[in-house]
Structure formats: structure tokens, C-alpha cells
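The values are calculated or read from the model by the stated rules, or taken from the named source; none is laboratory data. Predicted model, so just to flag it, every value in this text is computed and none were measured. Reconstructed Cβ throughout: ideal geometry from the backbone, glycine too, with neighbour counts over all protein chains shown.
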Amino acid sequence: MKKGTIILLAVLGLFVLLLMNGCSSYNNMNEKRTVTEGAWAKVQSAYQRRLDLIPNLVATVKGAANFEQKTLTDVIEARAKASSIQVDPDKLTPENIKKFQGAQGELSQALGRLMVVSEQYPQLRATQNFSELQSQIEGTENRIKVERDNFNDAVTSYNTYIKKFPQILYSGLFGFDKKGFFEADAAAQKAPDVDKALNN
């Protein structure tokens, strides 16, 4: 066999190998991206559940005599801001996730202050409606945490995979960019300041 033919076959074989490897990498990256986007949909669903509960909570609290108006206003405004920030599954960049997390964090803090202030109103806390809503919100917060953790796991798996060799050769070419994930929120780690909430 001629030297030129051997070189041609070697180049052709290398091309076929790269093509097969590229197809396999693409399929695996696409599968991991789909899992990440599915996890994101569950995160959004959990947060939406909380957003849907808030109007009923606010309406119930408004019925309590002399309930602090600023506390209610803060919750309403934080809910409006959180509702306005949506992230497309194709644009789960670190910056977009941080913006989404910031708005949701503000709503969590406003809800925390509302729950602290409600301690001053035993007649409110004794109502079945308030008690049920509080229980549903607590359950939703737990679901949010679970779904955020699942999303972070999916993102970690995806980000790690696209940066490995040989996937890194194809990830940029096919538009598989790094995705953002939820980070621990320093403000959320602190319990609401009872005195501050009661004095607002």
C-alpha cells in the first residue's frame, strides 16, 4: 500500500473517529442540558406556588385590626418584583440566576418579617385560614429548597461534563455554555430580627 494512501486512510479514520465522538458528546451534552432545564422548571413551579399563596395570606392578614401596613406593603412589593423576574431555560447564566435569586430572597425576607410581626396578633394566628396558609407556605419553602438542590446538582453535572475533554472541544461550537446555580444567600442564613420587624 502506498504511503499516500495510508496517510489518507489515517486522516479519514481520524475524521470518522472525531465525528463519532462529536455526535456522542453532543447527545450527552444535550441530555444533561435537558435534565438541567427540567430541574429549572421544577424550581420555577415551586416558586410560583409560593407567589400564588401570598395574595390569600395578605388578604387574611389585612383582616387583623391595626396590622402594620408597611409589612404588608413590603410583601406585596417584593412579590411584584419576584414575579417580574423570569429566566428563560436557555439563558440560565450565572448573572440571570443571581438576579432571580436576589428577587426571591427579598420576598423570603419580607415574608419572614410578616410572620414575625404576626406573632403580635394571637387572634390572627388562631384563625384556621392563617394557620393553613402558614403551613402551606412552610411546605412550599421546603419544596423550594429541595428543587433548588436538585437543580444545583443537575447544573454541577452539566457544567463539569462540558468542561471535560473531549467535550470542551465541542461545547462552545454547539452552544453549550456554562449555567448558573443557586448560591447560599448570606441574608437568608440570618433569622429575621424580631425587634426590628416589630418596630417597623
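Quick check on segment 18-34: of everything there that is at pLDDT 90 or above and crowded, with 17+ Cβ neighbours inside 10 Å, which residue is nearest to residue 84 (Cα to Cα)?
Result: 33.
Looking only at segment 51-69, decide whether some residue is within 16 Å of residue 106 (Cα to Cα), surrounded by 12 or more Cβ atoms within 10 Å (Cβ to Cβ) and either over 15 Å from the mean Cα position of the chain (by Cα) or at pLDDT below 80 (or both).
Taking every residue of segment 51-69 in turn, at least one turns out to be within 16 Å of residue 106 (Cα to Cα), surrounded by 12 or more Cβ atoms within 10 Å (Cβ to Cβ) and either over 15 Å from the mean Cα position of the chain (by Cα) or at pLDDT below 80 (or both).
Identify, please: which residue in segment 1-31 is over 48 Å from the mean Cα position of the chain (by Cα) and of a type in the set (Val, Ile, Thr) and is, among those, nearest to residue 156 (Cα to Cα)?
Checked segment 1-31; the qualifying residue nearest to residue 156 (Cα to Cα) is 7.
I need a count of the residues in segment 82-109 that are of a type in the set (A, V, I, L, M) and assigned to a helix (DSSP H, G or I).
Going through segment 82-109 one residue at a time, the tally reaches 4.
Among the residues of segment 81-90, write down those that are over 11 Å from the mean Cα position of the chain (by Cα) and surrounded by 13 or more Cβ atoms within 10 Å (Cβ to Cβ).
If the condition is that a residue be over 11 Å from the mean Cα position of the chain (by Cα) and surrounded by 13 or more Cβ atoms within 10 Å (Cβ to Cβ), then 81, 82, 83, 85 are the ones that fit.
One line per residue, one yes/no per condition, for (1) of a type outside the set (Phe, Trp, Tyr); (2) touching a residue at least 40 places away in the same chain (Cβ under 8 Å); (3) over 21 Å from residue 167 (Cβ atoms):
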| residue | (1), (2), (3) |
| --- | --- |
| 27 | yes, no, no |
| 36 | yes, yes, no |
| 64 | yes, yes, yes |
| 73 | yes, no, yes |
| 98 | yes, yes, yes |
| 107 | yes, yes, yes |
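For segment 115-126, check the following and say yes or no: at least one residue is part of a helix (DSSP H, G or I) and under 19 Å from the mean Cα position of the chain (by Cα).
Scanning segment 115-126, I find no residue that is part of a helix (DSSP H, G or I) and under 19 Å from the mean Cα position of the chain (by Cα), so the answer is no.
Answer yes or no: is there a residue in segment 123-138 that is β-branched (Val, Ile, Thr) and at pLDDT below 95.
Checking segment 123-138: at least one residue is β-branched (Val, Ile, Thr) and at pLDDT below 95.
Specify the residue that is modelled with the highest pLDDT; the eligible residues are those in segment 169-186 that are assigned to a helix (DSSP H, G or I) and over 30 Å from residue 106 (Cβ atoms).
171
State all residues of segment 154-168 that are in contact (Cβ under 8 Å) with a residue 40 or more places away in the chain and in a helix (DSSP H, G or I); if no residue qualifies, say none.
Listed by number, the residues that qualify are 154, 155, 157, 158, 161, 162, 167.
Which is part of a helix (DSSP H, G or I), touching a helix residue (DSSP H, G or I) at 6+ places or on another chain (Cβ under 6 Å) and within 15 Å of residue 148 (Cβ to Cβ), of 50, 79?
The match here is 50.
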